Amino acid sequence: MTYHINMNIVKMTEWSITYNEGSVLYKIIELPKWANKINVDGDEYYLLYRNKLLEEIPPLGTTRTISRIYKNLESKGLIKSVLKNTTPAYRVTEKGLEWMETKPKYIHSKEEKSRPTFRLEVLTEYDDLEEKYIEFLEHGAKDYCKTHRYPTNIYDDFINFNKANGNSYKNWASAFKSWCSKAKKLKKKNTGNSNGFNLYNIEL
């Protein structure tokens with residue numbers, strides 16, 4: 001008798017299967033550990049008698065119930081079955097193996113897929129940045145300024161300064177944060193900038 005069964009609630013919901021069906025799927029995944037193996041068309045299947053499965057999971061009730069579960073799991077593409085001299089044999093599919101995942105896969109939204117990474121392969125000047133990169137850089141910079149209470153025009157000063165000097169970075173977002181950090185340290189020394197930052201004395 002089986003005392004513990006790995007139940008994946010996320011997959012149960014996604015595939016619309018019951019606890020009993022999940023229990024049977026788990027036992028089929030575990031077949032390579034103890035069942036006899038046969039090869040059919042290059043694939044490995046494992047012999048499994050319904051009565052044996054009923055001994056392992058008594059709450060399933062009857063072999064008729066097990067037959068219905070097999071049929072449902074196979075219709076959902078989670079297992080495959082063959083007959084070997086009238087004895088059924090089973091194997092789990094790639095989809096069925098997702099049952100054993102310990103962490104759900106992170107699915108990116110369409111917007112996230114189109115979002116560029118701030119880490120570039122080579123040093124790049126501002127004028128050579130892609131339009132989408134600049135868009136997200138500006139959006140992220142404004143959020144950063146709002147969160148850390150930096151002057152609203154500090155981003156424009158950062159861009160203008162680096163364009164004028166032809167500076168290039170592999171990560172413009174990190175460069176901007178470094179600019180803000182150094183500008184903050186110079187704040188008390190400034191006398192000529194209305195926002196309180198002597199930005200053009202900063203060296204990155």
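The values are calculated or read from the model by the stated rules, or taken from the named source; none is laboratory data. Since this is a predicted model, take the numbers as computed values, not measurements. Don't worry about glycine lacking a Cβ; one is built from the backbone with ideal geometry, like all the others, and counts go over all protein chains shown.
Values computed for the structure shown
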| item | result |
| --- | --- |
| Any chance residue 183 is small (Gly, Ala, Ser) and at pLDDT below 85 | yes |
| Single unsatisfied condition, residue 99 versus (1) surrounded by fewer than 17 Cβ atoms within 10 Å (Cβ to Cβ); (2) touching a helix residue (DSSP H, G or I) at 6+ places or on another chain (Cβ under 8 Å) | (1) |
| Hey, residue 73 on the phi < 0 side of the Ramachandran plot and at pLDDT 95 or above or not | yes |
| Test: residue in the range 19-27 that is exposed (fewer than 11 other Cβ atoms within 10 Å of the Cβ) and either modelled with pLDDT of 90 or more or within 34 Å of the chain's Cα centre (by Cα) (or both) | no |
| Qualifying residue in the range 137-152 (condition: surrounded by 11 or more Cβ atoms within 10 Å (Cβ to Cβ), in contact with a helix residue (DSSP H, G or I) (Cβ under 9 Å, 6 or more places away or on another chain), at pLDDT below 85 and among the charged types (D, E, K, R)) | no |
| Any chance residue 112 is closer than 30 Å to residue 12 by Cα, among the acidic types (Asp, Glu), modelled with pLDDT of 90 or more and within 27 Å of the chain's Cα centre (by Cα) | no |
| Residue, surrounded by the most Cβ atoms within 10 Å (Cβ to Cβ), within the range 115-131, restricted to residues that are of a type in the set (D, E, K, R) and modelled with pLDDT of 85 or more | 125 |
